[in-house]
Structure formats: C-alpha cells, structure tokens
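> Following this message is one structure expressed as structure tokens.
The values are calculated or read from the model by the stated rules, or taken from the named source; none is laboratory data. Keep in mind that what you see is a predicted model, and the values were worked out from it rather than measured. Reconstructed Cβ throughout: ideal geometry from the backbone, glycine too, with neighbour counts over all protein chains shown.
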Amino acid sequence: MSEFVHDDQTTSSTNVAFQYPFASAPDIIRSHQKDAYFQGVLLERLSSVLRNLYGARFAQTHMTGTRTFADLLYLSLTTLVGNRTLGEEYCDIVQVEDDTLRLPNSFRRGGYILASVLLPYGLTRLLPAFRRKLRAKLEASLRRRNSKPDKSSSWLTTLQSYVLRNLDTITSPSPIHALSLTAFYFTGAYYHLAKRLSGLRYIFTRRLDPSEQRIGYEVLGVLLVLQLGVQAYLHAHETYSSVPAISNPASLGGGSAVLDNGVEVSLDPNSYSSNNALLFEEGAAQRDTPGLHSKISRMTHTPLAPADSEAAILNLEDEDKLKWIESSQQRKCTLCLEPMRDPSATTCGHVFCWTCISDWVREKPECPLCRQAVLGQHILPLRG
C-alpha cells in the first residue's frame, strides 16, 4: 500500500495532486490519550450524577457499566455520526478505510464502536461464567480419571491439567492485544485492536514538511517481542519441567475453583482480590451454607471467622461492632461516604470498605488517600 493517500483536484489549467500521508505512531497514540482524557471527564460527570441520585455505593458498584456507557456516548457523539473525536482533531488526523482509502461508512463506524466498547464489556460479563463451567467440567473429568484403578497419565489427562492450570490465560484476550500492539509498533497502523478488526487507518489532513517527519516506535516493538519471548520461554520451561500428576484438581496452584454453591474462588495463596465476590459480595451472608466458611478458609488461604461468629460480616452501622472506632466520621468509608462494611486496612494503615478498596486497587493499585502502592493481596480485613 502506498504511504500516501492521493486527492486529485482539477483546476482550469493544471491538475494539482495533494498527498495525504498516513499518520505516524506518536500522533495516533497522542490522539488516543487525548480521547481517553475526555472519556475520563465524561465518566466522572456521569458518576457524579449517579452518586447524587442513588448514593456512592451504587455508583461504585456500577462503575463498569457507567464506564462502558460513557465510552459509548462519547463515540456515538463523534465517530458514529461521522465527526472526528476531540483527540483526532487535536492531532489533525482522520480515519479512512484501509481498502478504499475513503472516509468510513456508517457500517464500519458502527462496527468499530461495537468492537471497541460493547465487545469488551460483553466479554467481561460472559467470560467468568464460561470459565466456571469449563473449570467445573475439567475438574469433574480429572476426578473421574483419578478415581479409576489405573491412574497412568495419558496425553488427554495432561492436556486437561494444563488447560485447567492456565485457564485464565487461555481464555484471556490479553495475548491478542499484546500481539496487536507489537504489530502497531512495527507498522504504525491499527493502535487499537478494534481498528484492525474494522479496517480503519489514520491519515494526516495536511502535508508534512521534511522537518515534521515523525519517528516510529520500532524499539518498543523489539522490547515487547523480547518480553513476550521471555514469558513464553519461562512458561514452557515451567510446564515441561514440572508436569504434575494431578490427584486432586484443587491442588493446582493459581487459577480458581468452584465451590458447591457455584461461587468461583481463587486458588492462588497470594490472591485475595479475586475472592471479593465470595467473601463480601452483597447477599453473601444470605446464601451461606453449612461448611462454606471452612471451605473458603481452606481454599483461599484467608483467615475467616466461623459462620456463627459476630465478626463473620461486619457492618459499622451497628455501634456494637468495632467499638474502638468511636467517631461516627471515622466509621465511614472515605470512598462511598457510608458506614463501612467489612472494614479492611491497606498496608499504609488506611481503612475502607472491603469492596470499595478492592474495586479501587483493581483499577489503580494505590491508596486513594496517600497514593502509596497497594496490591489487592495485601488488603487485610479487620476482625474483632
């Protein structure tokens, strides 16, 4: 493909050919960063409206849906109707179809929005349920094979064990995004995977002087290739050097498992954040079953109080809970501005609701008050 898009304009005496060069990688990235900023501003406004109407806890709980709606609204007001986004205007670029080199039609613009906003949202909703079902089937299959007198390992057992151990990685779109980003660094086209799927490229809307020529990001592409190669080598070395003889599917390190009530929990001894839905999800106390707490404590390596203990679920609306926190303001979470539920401390000593701080560090691994680095597995639930 030519590096220029030609637009021939015929005058009364001569033919003047204007050449529109394809946008370079730095301008494309700058455009996406600018769009991300304005989408963040729109998300903040929408979250503020929800917080004023329904409360901070509702806004925090529905943050993912709000972010999806904000992105959809932003692209609908710009790309869908045929306008440029604010980031594209800022960098003076416009997107065209990669095959016809014309402005994209409404079908391609709509397809891009579906691929960039609605498809990732749908995957986040469907993948957990798919993983739970697939994991349950793999574990049941391994248990049946291990219950047989002849426990000799077959290629099918090894394959099922490998898939079970690496199920989260296998079903994650992250490797695809990494490969797409690598290709962008080398070619300067299709920064977003949705652009590649929709066949949309960027061009400048003006000529570039020789002094304005941009450099590429091939060095970043080389570094990313090296990173992927090292990760692949370490994964292959770990896989082939320690092929486990699985006698108990729950003994697999990493990943997660499904309890009797259908709740997925992490099997990683260093992981706490992936167990939020099990430990403190709204309604978790109502669906408690005999023996569930002991299973949680054993499988997640998380010290939990027994089901009949007063400390099983802590709600600081009850003044008898954690009496040593005397001030009513100190008993409120600074994120949701409501009495803390299951108060949990970060490594820096600040206390928040378990769900509030867990959702926060999943998006930004730092304390919302002092900005000290915080990992999800280092959040400590307070007991007593």
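> Filter segment 312-369 down to the residues that are modelled with pLDDT under 80 and among the hydroxyl-bearing types (S, T, Y), then identify the one that is farthest from N52 (Cα to Cα).
It comes out as S327.
> Return the residues of segment 76-101 that are at pLDDT 90 or above, part of a loop (DSSP other than H, G, I, E, B) and either crowded, with 17+ Cβ neighbours inside 10 Å or among the aromatic types (F, W, Y) (or both); say none if nothing qualifies.
Of everything in segment 76-101, those that are at pLDDT 90 or above, part of a loop (DSSP other than H, G, I, E, B) and either crowded, with 17+ Cβ neighbours inside 10 Å or among the aromatic types (F, W, Y) (or both) turn out to be R84, T85.
> Inspect segment 218-229 for any residue being surrounded by 13 or more Cβ atoms within 10 Å (Cβ to Cβ), closer than 19 Å to P21 by Cβ and free of Cβ contacts under 8 Å to residues at least 12 places away in the same chain and give the result as yes or no.
The answer is no, given that none of the residues of segment 218-229 is surrounded by 13 or more Cβ atoms within 10 Å (Cβ to Cβ), closer than 19 Å to P21 by Cβ and free of Cβ contacts under 8 Å to residues at least 12 places away in the same chain.
> Do any residues in segment 94-105 that are closer than 16 Å to R84 by Cα have Cβ atoms under 7 Å from those of residues that are of a type in the set (D, E) and crowded, with 17+ Cβ neighbours inside 10 Å, where the two are at least six apart or on different chains, and which pairs are they?
V94/E88
> Any idea which of V16, V49 is at pLDDT 90 or above, surrounded by fewer than 17 Cβ atoms within 10 Å (Cβ to Cβ) and over 15 Å from L200 (Cβ atoms)?
V49
> For segment 204-260, enumerate the residues that are in a helix (DSSP H, G or I), modelled with pLDDT under 80 and within 30 Å of V96 (Cβ to Cβ).
P210, S211, E212
> Next question, about the same structure. Going through A189, A194 one at a time, which residue ends up being touching a strand residue (DSSP E or B) at 6+ places or on another chain (Cβ under 9 Å), small (G, A, S) and modelled with pLDDT under 90? Full working, then the answer.
Values: A194 fails: modelled with pLDDT under 90.
Selected residue: A189, the only one of A189, A194 that is touching a strand residue (DSSP E or B) at 6+ places or on another chain (Cβ under 9 Å), small (G, A, S) and modelled with pLDDT under 90.
> Are any residues in segment 161-183 polar (S, T, N, Q), under 14 Å from R131 (Cα atoms) and surrounded by 14 or more Cβ atoms within 10 Å (Cβ to Cβ), and if so, which ones?
Step one: of segment 161-183, the residues polar (S, T, N, Q) are 161, 166, 169, 171-172, 174, 180, 182.
From what is left, the residues that are under 14 Å from R131 (Cα atoms) are 166, 169, 171-172.
Scanning segment 161-183 gives N166, T171, S172.
> While we're here: Of the numbered conditions (1) at negative phi; (2) in contact (Cβ under 8 Å) with a residue 12 or more places away in the chain, I170 satisfies every one except a single condition; which is it?
(2)
> On to the next question. Do the conditions hold for H301, that is, is it modelled with pLDDT under 85 and more than 22 Å from S48 (Cβ to Cβ)?
So H301 passes the test.
> While we're here: Which numbered condition in (1) of a type in the set (A, V, I, L, M, F, W, C); (2) in contact with a Gly (Cβ under 8 Å, 6 or more places away or on another chain); (3) farther than 30 Å from R206 by Cβ is the only one that L80 fails?
(3)
> Could you count how many residues in segment 190-203 are under 13 Å from L101 (Cβ atoms) and not charged (D, E, K, R)? First the steps, then the outcome.
Narrowing segment 190-203 to residues under 13 Å from L101 (Cβ atoms): 199-203.
From the residues that got through so far, the ones that are not charged (D, E, K, R) too are 199-200, 202-203.
Of the residues in segment 190-203, 4 are under 13 Å from L101 (Cβ atoms) and not charged (D, E, K, R).
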